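Single-structure report; data block below.
Laboratory data are not the source of any read-out in this text; all were calculated from the coordinates shown. Treat the numbers as computed from the prediction; the structure is a model and nothing was measured. Virtual Cβ from ideal backbone geometry, glycine too; neighbours counted across all protein chains shown.
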Amino acid sequence: MEKLYLALAVFLMLNVAAGLLRILRGPTAADRMLAAQLFGTTGVAILLLLAEAQAVPALRDVALVFALLAALATVAFVKRVWYRKPEDIP
Amino acid sequence: MNDILPWLYDSLIALTLLWIAWQTLSTRDLFKAVLLFIVFGLLMALAWVRLQAPDLALAEAAIGAGLTGALLLDAVGHLRVPRRPGPRK
Amino acid sequence: MTRTLIALLCLGLAGMLGWALWQLPGDVGLKSDLQSELQGQVQADIVGLPALVAAHLDQSGVRHPVTAVLLNFRAYDTLLEIGVLLLAVLGVLAVRHAAAPEPVHPQRAGAVLAALVHLAVPLMVLVAGYLLWAGAHQPGGAFQAGAVLAGAGVLLRLSGRLPALLPPGFWLRAGLLLGFAVFLVIALGVTRGGHELLAYPVQQAGGLILAIEASLTLSIGLILVSLFVGAPSPPEHGGEASE
């Protein structure tokens, strides 16, 4: 079972490596941000897999913190970086 | 066979970290650099996990992935003006 | 020319870091006679620090070795670190723009963001409390809990529900100071009972550490939020997409 978890973790890491291309290529800032956001989700999955594979339950807490805080960067991006049309602003 | 998966995973994470670090330092686009830094923090947390340091992973997850990202993106928003390429030395 | 110099400096730094890492004492296991450790720090190199911590864990008041080191065995370092954080936030507050306090604009947040705030902020506060409590026996503790708490504050700020807090009022100042003050009072307080500075009595160590960590969590959260909130939010209009 451990082997399966680790194999899945390796697969997810390869996913991250592939997603990095989207960050590097763009083309728009939103594409890059969403790729980074996707890594947050992937990271949570990898952490949960490793928690089982390494038998370290505390890693679930790390995954929990990740899941809670990963959205912060996206919110900061939308509120502070991304251009909004003037009619959207109350 | 038993050792190849952890070895594969560790080398994958180490190589990706080095690659991201290089890209973060060499890119001229501030926003891209900030995003790559956030991803670097995420992968660093995963690396701490592999190094049997869940405490550091937890701190890195809380600070690196969440707060630093928001702070740096806020700074990019304040700078706002796209960085013009400066004179090359 | 400059680039070559920088590259050489980087290589030199990397080499020094690698050398320093190589020199770290390994974990060679606990010596049979525990008395020899008491002779001082020099022995720690020989015994191996993890074993040394494990040998004294039951006197620390907590069951997690990292928390034991941070809040008991090497508490002096942590005390100074909180001092550094406090100085950093003092610097930010000192150089802030003397802008008028901004009004709160809850309507700025769209429906999705409002829903996220309603869901995530209570969860973050809950998780911060959990991490604080879990620090006694597993990875967690004041710093991580404070960071999660600060995440809640940043989210509130981004959704326009938190004013810029400028100038900092009495309660904010008190909150920023609370962790350092409680830490210092306890550190000095134990000396009245005939102990060394920061050497908690073994029976009360757990309670004292929890009191320190709880106040630290609050202060660290406030400090990190203040670092973020210190700057006024950018104007809502104008600006270009970064692409």
Counting other C-beta atoms within 10 Å, and keeping those with at most 16, which DSSP coil trypsin sites (Lys or Arg not before Pro) do you find in chain A?
A:Arg84
For region B:12-80, the Debye formula with one identical point scatterer on each Cα and no solvent gives log10 I(q)/I(0) at q = 0.15, 0.16, 0.19, 0.20 Å⁻¹ as -0.49, -0.55, -0.73, -0.79
Measuring from label point to label point, each 7 Å out along Cα→Cβ, what is the C:Ala14 to B:Ala14 span in nm?
1.3
When the Cα atoms of chain A are enclosed in a convex hull and the volume is divided per residue, what value in Å³ results?
89
Please give the average number of partner chain Cβ atoms lying within 10 Å of the Cβ of each residue in C:208-214, rounded to a whole number.
0
A:Ala45 paired with C:Ala115, simple spin-label distance in nm, labels 7 Å along Cα-to-beta-carbon
2.3
Quick calc, A:Lys3 & B:Leu30: beta-carbon distance into FRET formula, R0 56 Å, rounding 0.05, result 0.85
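At a Förster radius of 25 Å, what calculated FRET efficiency corresponds to the Cβ-Cβ distance of C:Asp58 and C:Leu123, to the nearest 0.05?
Details: r = 35 Å, r/R0 = 1.38.
Plugging the Cβ-Cβ distance into 1/(1 + (r/R0)^6) gives 0.10.
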Rounded to a whole number, the mean other protein chain Cβ count within 10 angstrom for residues of C:111-124 is 2
Given a Förster distance of 51 Å, the FRET efficiency implied by the Cβ-Cβ spacing of A:Arg25 and C:Leu90, rounded to the nearest 0.05, works out to 0.75
Once both axes come from the Cα atoms, what is the angle between helix B:30-50 and the longest principal axis of chain B, in degrees from 0 to 90, rounded to 10?
20
